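Here the structure comes first, spelled out in C-alpha cells, and everything after it is commentary.
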Amino acid sequence: SNYFKCLNNLIMAAKIIDGKLIASKVKEQVSIAVSDLNQKSIFPGLATIIVGNDAASSIYVKNKRKSAKEVGIESFQYELSENIQEKELLELINELNLNSDVDGILVQLPLPKHINSDLIIDSIDVNKDVDGFNVINAGKTFIGRDSVIPCTPLGCLLMLKSIKIELKGKNAVIIGRSNIVGKPMAQLLLNEDCTVTIVHSKTFNIQALVKEADIVVAAVGSANLVKGSWIKKGAVVIDVGINRLKVEDKNILVGDINFNEVKDIASYITPVPGGVGPMTIACLLMNTVFQCAKRNNVSIPNNLKKLF
Ligand code: GUN
C-alpha cells in the first residue's frame, strides 16, 4: 500500500551530508586561527593564478578568492591570458615564491595545452604549495608522511569523519584515478585502514566492484554515471563530480552519482551542489593557514588540529 511505500521510503532515504554546513564550520575555525596568527603579527596570504577564461575554472577561482577574504586571508590575484608563455608563468611563480607576504600559491588546473603543467606545479615552492600537487608533497602523501593533503580528497575525508562511521576495514571504491582526487583519495582511505580499490575507464566490470563498496567516492566527471543498481544498500556515497547539463533549456549542475536513484539505497550521500565543492575551498584555506604557520615557525593552531 501507499502507507508502507511511504514508510519504507522514509526508512531508506539516505541522510544528506551537508558539505556547505561542514565547510562553514571549518571556515569558522580557519577564521579563528587567522585571528590568532594576526595577534602574532602574522598575516596569511594566498596567491591564486588562473590562465585563460574557462567558465568553470573562473567560478571556482572566484569562490576561492571570496572565501579567502571571508576568513581574513589576504588574496593576491592573477588573471593571465590564454596565450601566456610558459616562461612568463614560471617567472610569476618564482616572484611569488620569493614574496614573503605570500604563504600559498594556487595555480588553477587545467592549464592550456601549450604549458607543461608538471613543470609549473613543481616550480611552486614546496612550502607554498597549498594543493599538495608538488612532487615532493605528493610523494610524502603517498608514503603517509606529514604533508599538504590535496584539498578535494581532504574535504571528502572530513565529510566521512563528520558522520562518525568506522572506516577501519571498510571496502572503499574510488571511481577515477586523477592526481587531483582519485590517487590521493585512495591514499587517505588506506591510511584510515580501508581496503581500497580504484576503478577507472579501463576497468572490467566497474559495477560489480562498486556493488561491493561500503564507501564510494566518484570523481570522473561523467554526469549521473553511477546508478542506483550499482550501490550496495547502506553504502556511504561521496560525489566529487560537477557536471553541467542542459535540461529543458535550463543549465543544471549534477554529480557523477545519479542522486535520485542512489539516495534511497545509500545510508549517506553528498549532494551536488553543496557537497564536496564547498569542502574543497574550506580545505584550501586550511592548507594556507598550515603553510603560513609552518613558514613562520609557529605551531599549527590547536582548533584546526582538532578537526582531524
Ligand atoms: N582544478 C580542479 N580542482 C582543483 C584543485 O583542487 N586545485 C587546483 N589548483 N586546480 C583544480
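Straight-line reach from residue 164: which aspartates and glutamates have Cα under 19 Å away, leaving out those fewer than 8 places along the same chain? Output for residue 164: 18, 192, 193, 214, 239.
Beta-bridge orientation, the chain: approximately 15 percent antiparallel, per DSSP, counting only bridges with both partners inside.
Ranked by how many other Cβ atoms sit within 10 Å of their own Cβ, fewest first, the residues 159, 286 fall in the order 159, 286. Using the Cβ-Cβ distance between residue 146 and residue 56 with R0 set to 25 Å, the FRET efficiency from 1/(1 + (r/R0)^6) comes to roughly 0.20. Of all the options 276, 240, 107, the one that moves most in a Gaussian network model of the chain with Cα springs shorter than 10 angstrom is 107. If R0 equals 22 Å, the separation of the Cβ atoms of residue 38 and residue 127 corresponds to a calculated FRET efficiency of about 0.60.
For the chain, the longest principal axis of the Cα atoms and the long axis of helix 182-191 meet at an angle of about 80 degrees.
Taking every DSSP beta bridge that has both residues in segment 210-308, what percent is antiparallel when rounded to the nearest 5? Let's see the in-between values first.
Values: 5 of 12 bridges.
Antiparallel: roughly 40 percent of the beta bridges in segment 210-308.
Average projection, convex hull of the Cα set of segment 63-125: 4.4 square nanometres.
Give me the angle, in degrees from 0 to 90, between the Cα long axis of helix 55-70 and the longest principal axis of the Cα atoms of the chain, rounded to the nearest 10. Helix 55-70 sits roughly 70 degrees off the main axis of the chain. Who wins for biggest fluctuation among 291, 108, 85 in a Gaussian network model of the chain, springs between alpha carbons below 10 Å? Of the options given, 85 has the highest mean-square fluctuation.
Computed about the Cα centre, the dipole magnitude for the chain is approximately 1060 debye when only Lys and Arg (+1) and Asp and Glu (-1) carry charge, each at its Cβ. Choose one answer from 208, 14, 138: the residue with the largest mean-square fluctuation in a GNM of the chain with alpha-carbon springs under 10 Å. Highest fluctuation of the listed residues: 208. Out of 102, 265, 180, whose Cα points farthest toward the positive end of the dipole of the chain (charges: +1 Lys, Arg; -1 Asp, Glu; placed on Cβ)? Value: 265.
Mean separation of Cα pairs under 8 Å and 6+ residues apart, divided by the residue count of the chain: what relative contact order is that in percent?
23 percent
Annotation: extensible slack from residue 116 through residue 2 equals 35.1 nm (criterion: 0.36 nm per residue apart, minus Cα-Cα distance).
Figure legend: label point modelled 7 angstrom from the Cα of residue 136 along Cα→Cβ; residues of segment 54-98 with amide N under 15 Å from it are 94, 97-98.
Remark: for residue pairs 87/294; 161/246; 25/306; 140/183; 66/250, the C-alpha separation exceeds 22 Å in 87/294; 161/246; 66/250.
Calculated FRET efficiency, residue 79 to residue 244, Cβ-Cβ distance, R0 = 30 Å: about 0.85 to the nearest 0.05.
Overall shape of the chain was characterised from the C-alpha gyration tensor. The equivalent ellipsoid obtained from it has semi-axes of 34, 22, 19 Å, in decreasing order.
All of the numbers you see were taken from the coordinates with simple rules; none came from a lab. Computed from a predicted model, the values in this text were never measured in an experiment. Cβ: placed from backbone, ideal geometry, glycine included. Neighbour counts: every protein chain shown.
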